[in-house]
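The structure appears right after this line, and notes come after that.
The values are calculated or read from the model by the stated rules, or taken from the named source; none is laboratory data. Remember, it's a predicted structure, so these values are computed and weren't measured experimentally. In this analysis, Cβ positions are derived from the backbone assuming ideal geometry, glycine residues included, and neighbour counts consider all displayed protein chains. These area figures cover heavy atoms from the full protein model, side chains too; ligands, DNA and RNA do not enter into them. Shrake-Rupley method; radii C 1.70, N 1.55, O 1.52, S 1.80 Å.
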Amino acid sequence: LAKTTQPISMDSYEGQEVNITCSHNNIATNDYITWYQQFPSQGPRFIIQGYKTKVTNEVASLFIPADRKSSTLSLPRVSLSDTAVYYCLVGGWGQTGANNLFFGTGTRLTVIP
Amino acid sequence: EPEVTQTPSHQVTQMGQEVILRCVPISNHLYFYWYRQILGQKVEFLVSFYNNEISEKSEIFDDQFSVERPDGSNFTLKIRSTKLEDSAMYFCASRHTNQPQHFGDGTRLSIL
(Lines give C-alpha, C1' and ligand atoms only; values in the text may rest on other atoms or scores of the structure.)
Protein backbone atom coordinates (compact mmCIF):
# COMPACT_ATOMS: atom_id res chain seq x y z
CA LEU A 1 0.00 0.00 0.00
CA ALA A 2 1.47 3.35 -1.02
CA LYS A 3 2.18 5.63 1.93
CA THR A 4 1.19 9.26 1.63
CA THR A 5 2.73 12.33 3.24
CA GLN A 6 0.96 15.67 3.48
CA PRO A 7 1.37 18.76 5.67
CA ILE A 8 -0.27 18.50 9.05
CA SER A 9 -1.86 21.93 8.84
CA MET A 10 -2.26 24.99 6.64
CA ASP A 11 -3.79 28.40 7.12
CA SER A 12 -5.25 30.56 4.38
CA TYR A 13 -7.23 33.78 4.10
CA GLU A 14 -10.68 33.82 2.64
CA GLY A 15 -10.72 34.26 -1.12
CA GLN A 16 -7.25 32.81 -1.63
CA GLU A 17 -6.42 29.76 -3.71
CA VAL A 18 -5.14 26.89 -1.56
CA ASN A 19 -2.85 24.16 -2.82
CA ILE A 20 -2.28 21.06 -0.69
CA THR A 21 0.46 18.76 -1.89
CA CYS A 22 0.66 15.07 -1.11
CA SER A 23 3.71 12.85 -1.65
CA HIS A 24 3.25 9.21 -2.63
CA ASN A 25 6.64 8.00 -3.80
CA ASN A 26 5.67 4.32 -3.87
CA ILE A 27 2.51 4.68 -5.93
CA ALA A 28 1.77 1.57 -7.99
CA THR A 29 0.87 1.51 -11.67
CA ASN A 30 -2.81 0.80 -11.04
CA ASP A 31 -3.22 3.19 -8.11
CA TYR A 32 -5.54 6.17 -8.29
CA ILE A 33 -5.25 9.29 -6.15
CA THR A 34 -8.32 10.37 -4.24
CA TRP A 35 -8.99 13.30 -1.95
CA TYR A 36 -11.59 13.46 0.80
CA GLN A 37 -12.72 16.32 3.03
CA GLN A 38 -13.91 15.84 6.60
CA PHE A 39 -15.71 18.30 8.86
CA PRO A 40 -15.90 17.67 12.62
CA SER A 41 -18.43 14.98 13.53
CA GLN A 42 -19.14 14.17 9.89
CA GLY A 43 -18.05 11.41 7.56
CA PRO A 44 -15.36 11.95 4.94
CA ARG A 45 -16.74 13.49 1.78
CA PHE A 46 -15.33 12.63 -1.64
CA ILE A 47 -13.81 15.64 -3.41
CA ILE A 48 -11.91 14.46 -6.46
CA GLN A 49 -10.04 11.54 -7.93
CA GLY A 50 -7.46 11.22 -10.69
CA TYR A 51 -4.88 8.98 -12.28
CA LYS A 52 -2.62 11.38 -14.16
CA THR A 53 -2.36 14.96 -15.48
CA LYS A 54 -5.16 17.26 -14.39
CA VAL A 55 -8.69 16.67 -13.24
CA THR A 56 -11.18 19.45 -12.49
CA ASN A 57 -14.67 19.39 -11.07
CA GLU A 58 -17.00 21.97 -9.64
CA VAL A 59 -15.18 22.23 -6.32
CA ALA A 60 -11.49 21.49 -6.92
CA SER A 61 -8.68 20.63 -9.29
CA LEU A 62 -6.18 17.85 -8.94
CA PHE A 63 -2.74 18.14 -10.53
CA ILE A 64 -0.66 15.01 -10.99
CA PRO A 65 2.82 15.23 -12.53
CA ALA A 66 4.05 12.69 -15.04
CA ASP A 67 5.94 10.61 -12.45
CA ARG A 68 2.80 10.46 -10.25
CA LYS A 69 4.92 10.57 -7.10
CA SER A 70 2.98 13.53 -5.80
CA SER A 71 -0.32 15.29 -6.34
CA THR A 72 -1.72 18.72 -5.53
CA LEU A 73 -5.27 19.48 -4.56
CA SER A 74 -6.20 23.03 -5.53
CA LEU A 75 -9.17 24.78 -3.93
CA PRO A 76 -10.01 28.05 -5.69
CA ARG A 77 -11.08 31.06 -3.59
CA VAL A 78 -11.61 29.31 -0.27
CA SER A 79 -14.28 30.41 2.16
CA LEU A 80 -14.66 29.90 5.90
CA SER A 81 -16.76 26.81 5.20
CA ASP A 82 -13.75 25.11 3.61
CA THR A 83 -12.13 24.81 7.04
CA ALA A 84 -11.77 21.04 7.37
CA VAL A 85 -9.32 18.15 7.29
CA TYR A 86 -8.27 17.04 3.80
CA TYR A 87 -7.08 13.50 3.17
CA CYS A 88 -5.01 12.23 0.26
CA LEU A 89 -5.42 8.50 -0.40
CA VAL A 90 -3.77 6.25 -2.92
CA GLY A 91 -5.06 2.86 -3.98
CA GLY A 92 -6.28 0.61 -6.72
CA TRP A 93 -9.57 1.68 -8.16
CA GLY A 94 -10.35 -0.19 -11.32
CA GLN A 95 -10.25 -3.51 -9.53
CA THR A 96 -13.42 -5.18 -8.35
CA GLY A 97 -11.74 -5.92 -5.05
CA ALA A 98 -12.49 -4.41 -1.70
CA ASN A 99 -10.60 -1.14 -2.30
CA ASN A 100 -10.45 -0.43 1.40
CA LEU A 101 -9.33 3.08 2.25
CA PHE A 102 -6.44 3.73 4.61
CA PHE A 103 -6.49 7.25 5.94
CA GLY A 104 -3.48 9.17 7.16
CA THR A 105 -3.66 12.11 9.52
CA GLY A 106 -4.63 14.51 6.75
CA THR A 107 -4.08 18.26 6.40
CA ARG A 108 -6.07 20.50 8.69
CA LEU A 109 -6.94 23.60 6.65
CA THR A 110 -8.01 26.67 8.57
CA VAL A 111 -9.50 29.53 6.57
CA ILE A 112 -9.10 32.89 8.25
CA PRO A 113 -11.50 35.80 7.67
CA GLU B 1 -27.95 13.35 -4.53
CA PRO B 2 -28.31 9.91 -2.92
CA GLU B 3 -26.72 9.54 0.50
CA VAL B 4 -25.56 6.87 2.90
CA THR B 5 -27.67 7.17 6.04
CA GLN B 6 -26.75 5.92 9.48
CA THR B 7 -28.81 5.46 12.61
CA PRO B 8 -28.74 6.31 15.40
CA SER B 9 -26.61 9.45 15.29
CA HIS B 10 -25.58 8.87 18.90
CA GLN B 11 -25.71 5.62 20.90
CA VAL B 12 -24.93 5.39 24.59
CA THR B 13 -24.44 1.87 25.93
CA GLN B 14 -23.24 0.24 29.12
CA MET B 15 -20.00 -1.70 28.91
CA GLY B 16 -20.64 -5.36 28.16
CA GLN B 17 -23.88 -4.71 26.31
CA GLU B 18 -24.49 -5.54 22.69
CA VAL B 19 -24.96 -2.72 20.23
CA ILE B 20 -26.14 -2.69 16.61
CA LEU B 21 -25.29 0.21 14.34
CA ARG B 22 -27.39 0.57 11.23
CA CYS B 23 -26.63 1.86 7.78
CA VAL B 24 -28.63 2.25 4.61
CA PRO B 25 -26.13 2.35 1.73
CA ILE B 26 -26.85 4.07 -1.58
CA SER B 27 -29.34 1.86 -3.37
CA ASN B 28 -27.40 0.58 -6.38
CA HIS B 29 -24.08 0.19 -4.59
CA LEU B 30 -22.48 -3.22 -4.31
CA TYR B 31 -19.60 -2.78 -1.89
CA PHE B 32 -20.06 -1.87 1.77
CA TYR B 33 -17.65 -0.81 4.47
CA TRP B 34 -17.38 0.08 8.12
CA TYR B 35 -14.73 2.42 9.49
CA ARG B 36 -14.24 3.91 12.91
CA GLN B 37 -12.61 7.09 14.20
CA ILE B 38 -11.63 7.43 17.82
CA LEU B 39 -11.82 11.04 18.95
CA GLY B 40 -8.83 12.98 17.65
CA GLN B 41 -7.42 10.05 15.72
CA LYS B 42 -7.37 8.72 12.16
CA VAL B 43 -10.22 7.08 10.32
CA GLU B 44 -9.52 3.32 10.56
CA PHE B 45 -10.78 0.58 8.26
CA LEU B 46 -12.76 -2.18 9.98
CA VAL B 47 -14.37 -4.40 7.35
CA SER B 48 -15.49 -4.58 3.73
CA PHE B 49 -18.45 -6.61 2.47
CA TYR B 50 -19.41 -7.73 -1.01
CA ASN B 51 -21.78 -10.32 -2.41
CA ASN B 52 -23.11 -11.12 1.05
CA GLU B 53 -19.78 -11.94 2.59
CA ILE B 54 -16.83 -10.24 4.22
CA SER B 55 -14.12 -9.35 1.68
CA GLU B 56 -11.49 -8.11 4.09
CA LYS B 57 -11.23 -7.18 7.74
CA SER B 58 -8.67 -5.41 9.86
CA GLU B 59 -7.09 -6.51 13.12
CA ILE B 60 -9.58 -4.31 14.94
CA PHE B 61 -12.47 -6.42 13.64
CA ASP B 62 -12.18 -9.27 16.12
CA ASP B 63 -14.72 -11.88 17.19
CA GLN B 64 -16.75 -9.26 19.04
CA PHE B 65 -17.68 -7.64 15.74
CA SER B 66 -20.00 -8.91 13.04
CA VAL B 67 -21.68 -7.46 9.98
CA GLU B 68 -24.87 -8.38 8.25
CA ARG B 69 -26.97 -7.33 5.31
CA PRO B 70 -30.31 -8.60 6.59
CA ASP B 71 -32.33 -7.35 3.64
CA GLY B 72 -31.81 -5.51 0.39
CA SER B 73 -31.30 -2.12 1.99
CA ASN B 74 -29.69 -2.31 5.43
CA PHE B 75 -26.11 -3.02 6.44
CA THR B 76 -25.44 -3.47 10.15
CA LEU B 77 -22.44 -3.61 12.44
CA LYS B 78 -22.88 -5.50 15.70
CA ILE B 79 -20.56 -5.33 18.65
CA ARG B 80 -21.36 -8.26 20.89
CA SER B 81 -19.94 -7.15 24.22
CA THR B 82 -18.84 -3.55 24.18
CA LYS B 83 -15.68 -2.29 25.86
CA LEU B 84 -14.76 1.23 26.88
CA GLU B 85 -12.26 1.40 24.03
CA ASP B 86 -15.05 0.82 21.49
CA SER B 87 -16.14 4.42 22.05
CA ALA B 88 -15.71 6.12 18.68
CA MET B 89 -17.47 7.44 15.61
CA TYR B 90 -18.45 4.58 13.32
CA PHE B 91 -18.80 5.36 9.63
CA CYS B 92 -20.51 3.28 7.01
CA ALA B 93 -19.51 3.67 3.36
CA SER B 94 -20.66 2.20 0.08
CA ARG B 95 -19.64 2.31 -3.54
CA HIS B 96 -20.48 1.01 -6.96
CA THR B 97 -17.96 -0.79 -9.14
CA ASN B 98 -15.07 1.49 -10.15
CA GLN B 99 -16.49 4.39 -8.17
CA PRO B 100 -15.28 6.16 -5.03
CA GLN B 101 -16.67 5.35 -1.61
CA HIS B 102 -19.41 7.53 -0.19
CA PHE B 103 -19.61 7.86 3.57
CA GLY B 104 -22.46 8.40 5.98
CA ASP B 105 -22.22 10.95 8.77
CA GLY B 106 -21.58 8.29 11.36
CA THR B 107 -22.87 7.02 14.66
CA ARG B 108 -21.18 8.31 17.77
CA LEU B 109 -20.90 5.34 20.12
CA SER B 110 -20.28 6.13 23.78
CA ILE B 111 -19.57 3.24 26.14
CA LEU B 112 -20.11 3.92 29.84
Task: Dimensions in Å of the range B:5-111 - Rg and Dmax from alpha carbons - done: 12.9, 40
TODO: Let me know the charge dipole size of chain B about its Cα centre in debye, to the nearest 20, where only the beta-carbon of Lys, Arg (+1) and Asp, Glu (-1) is charged.
DONE: 120
TODO: Report the label-to-label distance for B:Lys42 and A:Phe63 in nanometres (one decimal), using points 7 Å from each Cα along the Cα→Cβ vector.
DONE: 2.7
Open item on the list: Averaging the inverse of every distinct alpha carbon separation and then flipping it gives the Kirkwood radius. What is it for the protein assembly as shown, in angstrom units?
Closed with: 18.2
Task: Mean-position separation - Cα centroids, the range B:50-112 and the range B:30-44, in angstrom - done: 8
Task: Environment charge at B:Thr82 (Cβ cut-off 13 Å; Lys +1, Arg +1, Asp -1, Glu -1) - done: 0
Task: Whether the range A:25-98 is rounded, prolate or oblate, judged on the alpha carbon gyration tensor where a/c under 1.5 counts as rounded - done: oblate
Task: Net charge over other residues, Cβ less than 14 angstrom from the Cβ of A:Phe103 (K, R count +1; D, E count -1) - done: +4
- [ ] Please go through the residue pairs A:Lys52/B:Lys57; A:Lys54/B:Lys57; A:Lys52/B:Lys78; A:Lys69/B:Lys42 and name each one whose alpha carbons sit more than 32 Å apart in this structure.
- [x] A:Lys54/B:Lys57; A:Lys52/B:Lys78
Task: With all protein chains modelled, accessible area of A:Thr29 [1.4 Å, Å²] - done: 110
TODO: First measure r as the distance between the Cβ atoms of A:Thr21 and B:Asp63, then evaluate 1/(1 + (r/R0)^6) with R0 = 30 Å and state the FRET efficiency to the nearest 0.05.
DONE: 0.10
Open item on the list: With a 1.4 Å probe and all protein chains left in place, how much accessible area per residue does the protein assembly as shown have, in Å²?
Closed with: 51
Task: Table column - 3J(HN,Hα) (Hz), the range A:14-20, Karplus curve with 6.51, -1.76, 1.60, x for Gly and Pro - done: 3, x, 7, 8, 10, 10, 10
TODO: Step through the residues of the range A:42-56 one at a time and calculate ³J(HN,Hα) from phi using the Karplus curve (6.51 cos²θ - 1.76 cosθ + 1.60, θ = phi - 60°), rounding each to whole Hz and writing x for Gly and Pro.
DONE: 10, x, x, 10, 5, 9, 6, 9, x, 10, 7, 6, 10, 10, 9
Task: Net +/- balance of residues flanking A:Ile112 in space, Cβ distance below 9 Å, scoring K and R +1, D and E -1 - done: -2
Task: Sites excluded, trypsin sites (Lys or Arg not before Pro) in DSSP loops with at most 16 other C-beta within 10 Å, longest stretch of chain B - done: B:1-41
Open item on the list: Loop-only GluC sites (Glu not before Pro) in the range B:28-74, please: DSSP not H, G, I, E or B, and at most 15 other Cβ atoms within 10 Å.
Closed with: B:Glu59
